[in-house]
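Engineer: One structure, pasted below without further comment.
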Amino acid sequence: MSAPRRQFLGKLAALGAAAAVPAPLMAQAAKPSRIDVHHHLMYPGYLDEVAGRRAGSTFKWSPQMSLDDMDKSGIALSVLSLIQPSAVTPDIEKGRRVARTSNEYGAQLAGDHKGRFASFATLPLLDTDSALKEIAYALDTLKADGISVMTSYQDKYLGDASFAPVWEELNRRKAVVYTHPLSPDCCRNIKSEVPPAVIEYATDTTRTIASLVFSGTAARYPDVRWIFSHSGGTMPFLLSRFVRQEIDMKDRAAKAMPKGLMYELRKFHYDTAQGNHSGALAALMKIVTPAQVLFGTDFPFRDGAEEIGGLAAFPFRPDELRAIERDNALKLIPTLKA
């Protein structure tokens with residue numbers, strides 16, 4: 001076959017491939033721009049540390065697996081956070097060790113892959129003194145881009161009074177606090193045909209949002225910038241019950257939420273990992289505007305293609321979609337620009 005004919009056939013094949021790929025996805029592939037705020041890491045040996053405390057502990061992950069999926073999905077940067085159960089453990093010393101090891105590993109990955117990874121630092125929240133020390137070390141020394149906490153710690157939700165010193169410090173720093181659910185103590189051993197993650201994760205997110213709002217914690221520390229996973233869990237579907245609770249609280253509601261329930265819910269940010277289908281997004285859009293929504297994949301449990309497909313199927317305007325996929329994260333976390 002002559003060289004000109006080979007060139008012609010090569011161009012013809014390229015045009016056919018291009019026709020099969022939507023233009024927006026091609027542009028993203030050519031110049032990755034998305035920012036993923038819900039992307040997990042686990043340091044070497046982590047699964048041994050948490051043996052017996054999480055379901056599905058045989059899953060695989062590596063930094064290269066993340067980078068490969070990011071490249072396929074047009075994701076420029078992922079903010080890493082430790083997978084559940086994170087540093088939630090009654091063993092205080094183990095909680096400290098898990099948090100410090102994870103935070104240093106996240107900082108190492110961010111340094112080794114500049115511009116591709118950032119990190120939310122883990123806290124041993126059940127030990128207040130250690131949590132405060134880890135905040136200083138993670139944000140001041142390791143230069144983490146925010147803090148990661150679980151939705152519950154044994155029988156405590158995030159509005160529990162024992163956590164007040166931590167929120168006071170993070171409020172002073174105007175920190176971003178990303179939350180992730182887990183199997184809560186109350187419901188870990190329910191006998192069912194489905195694992196706890198199917199129902200309990202989204203439910204635990206809802207419990208902790210209720211805890212923060214109705215306890216007055218969210219209003220008391222207004223400069224903490226909260227991110228809730230999975231489009232707010234089941235909270236958007238239970239909104240009428242939240243509204244009714246505000247009414248039933250009467251005078252207590254005015255003290256806990258001086259500006260009202262909806263003001264607090266609309267201040268929060270919500271990532272779309274596993275909450276990118278039309279029902280979840282439509283419910284969330286009744287509460288907030290796209291300006292409060294962030295792109296998240298939940299890698300390695302889900303991939304970028306699934307997340308992108310769900311968002312593309314929802315009737316967001318192009319400017320709204322770009323804000324969700326990138327601009328909102330840069331506005332909330334300016335350090336990601338570096």
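Taken together, the values in this text are just the output of simple stated rules run on the coordinates, not laboratory data. From a predicted model like this one, the values you see are computed outputs, not experimental measurements. Quick reminder, even Gly has a Cβ in these numbers, built from the backbone with ideal geometry, and neighbours come from all protein chains shown.
Engineer: Can you say what percent of the DSSP beta bridges in the chain, counting only those with both residues inside, are antiparallel? Round to 5.
Structural biologist: Around 5 percent of the beta bridges assigned by DSSP in the chain are antiparallel ones.
Engineer: Next question. Ranked by Cβ crowding within 10 angstrom, fewest neighbours first, how are Leu182, Leu261, Leu239 ordered?
Structural biologist: Details: Leu182 23, Leu261 20, Leu239 17.
Exposure proxy ranking, most exposed first: Leu239, Leu261, Leu182.
Engineer: Take Met262, Met235, Met70, Met285 and order them by how many other Cβ atoms sit within 10 Å, fewest up front.
Structural biologist: Ranked by crowding around the Cβ, least crowded first: Met262, Met285, Met70, Met235.
Engineer: I would also like to ask the following. Which value results for Rg/Rh of the stretch 107-249 when Rg is the Cα radius of gyration and Rh the Kirkwood radius based on the inverse mean 1/r?
Structural biologist: Answer for the stretch 107-249: 1.00.
Engineer: Pick out, in residue order, every one of the trypsin sites (Lys or Arg not before Pro) in the stretch 106-158 that is DSSP loop and has at most 13 other C-beta atoms within 10 Å; say none if there are none. Let's see the in-between values first.
Structural biologist: Numbers: sites: Lys114, Arg116, Lys133, Lys143, Lys156; in loops: Lys114, Arg116, Lys143.
Hits after loop and neighbour filter: Lys114.
Engineer: Name the residue farthest towards the positive end of the dipole of the chain from the options Thr151, Thr234, Leu77, assuming +1 on Cβ of Lys and Arg, -1 on Cβ of Asp and Glu, about the Cα centre.
Structural biologist: Going by the charge dipole, the pick is Leu77.
Engineer: Follow-up. Relative contact order for the stretch 35-337: what percent, with Cα pairs under 8 Å and sequence separation of 6 or more?
Structural biologist: So the answer I get is 18 percent.
Engineer: Next question, about the same structure. Sort Ser152, Ser119 by Cβ crowding within 10 Å, fewest neighbours at the top.
Structural biologist: The most exposed by this proxy come first: Ser152, Ser119.
Engineer: Which whole-number percent of Cα pairs in the stretch 35-337 have a distance greater than 35 Å?
Structural biologist: Percentage above 35 Å: 12.
Engineer: Based on Cα positions only, what radius of gyration and what Dmax would you give for the stretch 262-334, in angstroms?
Structural biologist: 11.6, 34
Engineer: Hey, another quick one. What are the membrane-span-like helices in the chain by this rule: whole DSSP H runs, Cα extent along the axis at least 20 Å, mean Kyte-Doolittle hydropathy at least 0.5?
Structural biologist: 196-214
Engineer: Continuing with the same structure: At most 14 other Cβ atoms within 10 Å and a DSSP loop assignment: could you name the trypsin sites (Lys or Arg not before Pro) in the stretch 231-338 that fit? Intermediate values should be presented prior to the final figure.
Structural biologist: On the way: sites: Arg241, Arg244, Lys250, Arg252, Lys255, Lys259, Arg266, Lys267, Lys286, Arg302, Arg322, Arg326, Lys331, Lys337; in loops: Lys250, Lys259, Lys286, Arg302.
Of the trypsin sites (Lys or Arg not before Pro), the ones in loops of the stretch 231-338 whose Cβ has at most 14 other Cβ atoms within 10 Å are Lys250, Lys259, Lys286.
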